[in-house]
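Undergrad: Sending over a structure as structure tokens; questions will come in a sec.
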């Protein structure tokens with residue numbers, strides 16, 4: 001495992017040095033995960049695209065005055081969910097902007113029409129409908145959450161998630177990507193990770209690279225995640241996501257991380273994080289399947305046969321057959337997993353309420369993966 005000093009010394013390495021680093025990461029991955037690489041078959045439900053934050057790289061968020069701003073109705077949500085179940089999906093990924101009702105009257109009015117005061121209350125109600133009406137598992141990605149909000153969502157979700165992105169406070173100042181974004185204050189995001197840990201919630205987090213952070217800040221972010229996991233044991237996966245420049249944003253002309261930067265970060269992440277934490281890289285943001293696998297990852301994340309990636313709509317999901325072929329070529333076998341990893345399923349009384357535990361048991365194989373894998 002890498003110390004901070006060792007990780008800092010790897011900044012900018014290339015060639016044989018980088019190749020050796022990736023080999024080390026793969027050796028550690030293979031020791032703990034074997035030849036198994038996973039993905040989750042999901043539907044992506046953007047419950048609302050309004051948000052009180054204004055990150056300068058985001059195209060998902062719409063101002064309430066935009067004709068494209070919306071809160072999905074229950075009928076719209078369940079139509080997507082039911083169609084996804086018919087296509088073999090087992091995860092419902094709820095993604096939403098952060099607390100728009102605290103900033104915008106139109107968001108409050110939209111929620112009131114649906115009988116709710118807050119977006120997290122509405123989210124909980126829709127998760128409950130998924131549990132009651134389908135065989136699928138909700139995974140909620142609702143951003144920063146209070147102790148009370150996590151406690152309310154745990155009974156109706158199998159797992160939760162929130163990208164830490166970075167611990168850099170520099171990016172909060174005027175002119176940087178997180179200026180005037182109250183939910184991107186690193187302390188608030190780290191507190192959410194800790195709150196989820198205290199309440200035994202299987203959690204997904206990650207870093208976003210290329211948004212102006214330094215290499216040291218990137219390392220500090222991974223170390224912060226790992227330290228929280230060592231205290232609570234609830235971080236089931238970490239995503240290393242590369243920034244993608246989008247037209248019409250404040251970072252439209254910003255350079256994207258190159259391939260070596262991504263591979264270097266993946267390998268370092270694998271060697272910093274506890275080996276029990278799954279390491280994921282989104283396959284639709286750079287279609288570099290074999291080199292990602294040969295840098296230490298063991299998971300491709302959620303992939304949908306029905307819905308687009310609403311955060312990166314210009315980047316289509318890969319074909320499962322292509323991921324399976326790339327995995328086999330690297331000596332791995334692709335398996336379908338659930339929204340919650342097997343090690344948490346083994347402790348259902350700790351990590352689930354009875355209703356969620358029953359649902360997980362119904363759709364999981366004996367080893368905790370999805371009961372009907374496609375590859």
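The values are calculated or read from the model by the stated rules, or taken from the named source; none is laboratory data. Note that the structure is predicted; figures quoted are calculated from it, not measured. FYI the Cβ positions are ideal-geometry reconstructions off the backbone, even for glycines, and counts take in every protein chain you see.
Undergrad: Provide a single number: the residues in region 326-341 that are over 20 Å from residue 156 (Cβ atoms) and surrounded by 15 or more Cβ atoms within 10 Å (Cβ to Cβ).
TA: The qualifying residues number 8.
Undergrad: Could you pull out the residue among 202, 186 that is buried (at least 19 other Cβ atoms within 10 Å of the Cβ) and in contact (Cβ under 8 Å) with a residue 60 or more places away in the chain?
TA: One residue alone meets the criteria, 202.
Undergrad: Just a yes or no: is a residue in region 318-325 crowded, with 18+ Cβ neighbours inside 10 Å and within 20 Å of residue 35 (Cα to Cα)?
TA: Scanning region 318-325, I find at least one residue that is crowded, with 18+ Cβ neighbours inside 10 Å and within 20 Å of residue 35 (Cα to Cα), so the answer is yes.
Undergrad: If you scan region 342-370, which residues turn out to be farther than 17 Å from residue 237 by Cα, surrounded by 15 or more Cβ atoms within 10 Å (Cβ to Cβ) and free of Cβ contacts under 8 Å to residues at least 24 places away in the same chain?
TA: Correct list: 348, 357, 365.
Undergrad: The conditions are (1) at pLDDT below 90; (2) under 18 Å from residue 41 (Cα atoms); (3) out of contact with any helix residue (DSSP H, G or I) (no Cβ under 9 Å at 6 or more places or on another chain), and residue 306 fails exactly one of them. Which is it?
TA: Single failed check for residue 306: (3).
Undergrad: Here is a list of conditions, (1) more than 19 Å from the chain's Cα centre (by Cα); (2) closer than 30 Å to residue 199 by Cβ, and residue 273 meets all of them except one; can you say which number that is?
TA: All conditions pass for residue 273, except number (1).
Undergrad: Determine whether region 245-266 contains at least one residue that is under 14 Å from the mean Cα position of the chain (by Cα) and either modelled with pLDDT of 95 or more or assigned to a loop (DSSP other than H, G, I, E, B) (or both). Please lay out each step first, then the result.
TA: From region 245-266, those under 14 Å from the mean Cα position of the chain (by Cα) are none; that's our starting set.
No, region 245-266 contains no residue that is under 14 Å from the mean Cα position of the chain (by Cα) and either modelled with pLDDT of 95 or more or assigned to a loop (DSSP other than H, G, I, E, B) (or both).
Undergrad: For residue 250, only one of the following conditions fails: (1) over 23 Å from residue 138 (Cβ atoms); (2) crowded, with 22+ Cβ neighbours inside 10 Å. What is its number?
TA: (2)
Undergrad: Let me ask another. Looking at region 342-355 only, could you name the residues that are in contact with a helix residue (DSSP H, G or I) (Cβ under 7 Å, 6 or more places away or on another chain) and either part of a helix (DSSP H, G or I) or at positive phi (or both)?
TA: Residues satisfying the conditions are 344, 345, 348, 351, 355.
Undergrad: Now a separate question. Based on this model, can you work out whether residue 175 counts as surrounded by fewer than 19 Cβ atoms within 10 Å (Cβ to Cβ), free of Cβ contacts under 8 Å to residues at least 24 places away in the same chain and in contact with a helix residue (DSSP H, G or I) (Cβ under 9 Å, 6 or more places away or on another chain)? Lay out the reasoning, then the answer.
TA: Numbers: surrounded by fewer than 19 Cβ atoms within 10 Å (Cβ to Cβ): yes; free of Cβ contacts under 8 Å to residues at least 24 places away in the same chain: yes; in contact with a helix residue (DSSP H, G or I) (Cβ under 9 Å, 6 or more places away or on another chain): no.
So residue 175 does not fit the description; no.
Undergrad: Quick one: which residue in 37, 92, 77 is touching a helix residue (DSSP H, G or I) at 6+ places or on another chain (Cβ under 6 Å), over 26 Å from residue 280 (Cα atoms) and at pLDDT 95 or above?
TA: 77
Undergrad: Go through (1) over 18 Å from residue 32 (Cα atoms); (2) modelled with pLDDT of 90 or more; (3) touching a helix residue (DSSP H, G or I) at 6+ places or on another chain (Cβ under 7 Å) for residue 275 and report which single condition fails.
TA: (1)
Undergrad: From the list 47, 28, 10, pick out the single residue that is part of a strand (DSSP E or B) and surrounded by 13 or more Cβ atoms within 10 Å (Cβ to Cβ). Step through it out loud before you land on a result.
TA: Details: 28 fails: part of a strand (DSSP E or B); 10 fails: part of a strand (DSSP E or B).
Exactly one of 47, 28, 10 is part of a strand (DSSP E or B) and surrounded by 13 or more Cβ atoms within 10 Å (Cβ to Cβ), namely 47.
Undergrad: Now, a different point. Pick out, from region 148-242, the strands (runs of 3 or more DSSP E) lying fully within it that include 1 or more residues that are more than 30 Å from residue 258 (Cα to Cα) and under 18 Å from the mean Cα position of the chain (by Cα).
TA: Counting at least 1 such residues, we get 159-161.
Undergrad: Continuing with the same structure: Looking at region 309-341 only, could you name the residues that are within 17 Å of the chain's Cα centre (by Cα) and either assigned to a strand (DSSP E or B) or in contact (Cβ under 8 Å) with a residue 40 or more places away in the chain (or both)?
TA: If the condition is that a residue be within 17 Å of the chain's Cα centre (by Cα) and either assigned to a strand (DSSP E or B) or in contact (Cβ under 8 Å) with a residue 40 or more places away in the chain (or both), then 309, 310, 311, 312, 313, 315, 336, 337, 338, 339, 340, 341 are the ones that fit.
Undergrad: Also, quick follow-up: Taking residue 82 and the conditions (1) part of a loop (DSSP other than H, G, I, E, B); (2) in contact (Cβ under 8 Å) with a residue 40 or more places away in the chain, which numbered condition does it fall short on, given that it satisfies the others?
TA: Looking at each condition in turn, residue 82 falls short on (1).
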